[in-house]
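Working notes, beginning with the structure itself.
The values are calculated or read from the model by the stated rules, or taken from the named source; none is laboratory data. Everything numeric here is computed off the predicted structure, so don't read it as measured data. Neighbour counts run over all protein chains shown; Cβ positions are idealised from the backbone, glycine included.
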Amino acid sequence: MTVRGTADEIQLAALTRILDDYCEQAGMEGAHPAREHLARRLIALFSGGVDSPDDIRMALDGVAKDWRGTSAASHR
């Protein structure tokens, strides 16, 4: 049994996969500055009881849209 807000190794692998897939689809690969921010948000969501991959992705959409606008401008 896992305590709410803690991840066992299977859950941690799933969360990592969600983050990797999300960042790849959003064009935030490698050491993109938004990746760490999104990872923190993902952990906060999971700690708050959000554990559905679809719910996590939808919540990350709101965070990522801010980064997409600023990162595009900063890389010109």
Q: Could you tell me whether the stretch 5-12 includes any residue that is modelled with pLDDT under 90, touching an Asp or Glu at 6+ places or on another chain (Cβ under 9 Å) and of a type in the set (Ser, Thr, Tyr)?
A: no
Q: Could you please tell me which pairs satisfy a Cβ distance under 6 Å, a separation of 6+ or placement on different chains, a first residue in the stretch 44-68 that is exposed (fewer than 11 other Cβ atoms within 10 Å of the Cβ), and a second residue that is assigned to a loop (DSSP other than H, G, I, E, B) and at pLDDT 90 or above?
A: none
Q.
Can you report the number of residues in the stretch 19-34 which are surrounded by fewer than 18 Cβ atoms within 10 Å (Cβ to Cβ), in contact (Cβ under 8 Å) with a residue 12 or more places away in the chain and either among the charged types (D, E, K, R) or closer than 17 Å to residue 7 by Cβ (or both)?
A. 0
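Examine the stretch 59-74 for a residue that is charged (D, E, K, R) and at pLDDT 90 or above, and state whether such a residue exists.
No, the stretch 59-74 contains no residue that is charged (D, E, K, R) and at pLDDT 90 or above.
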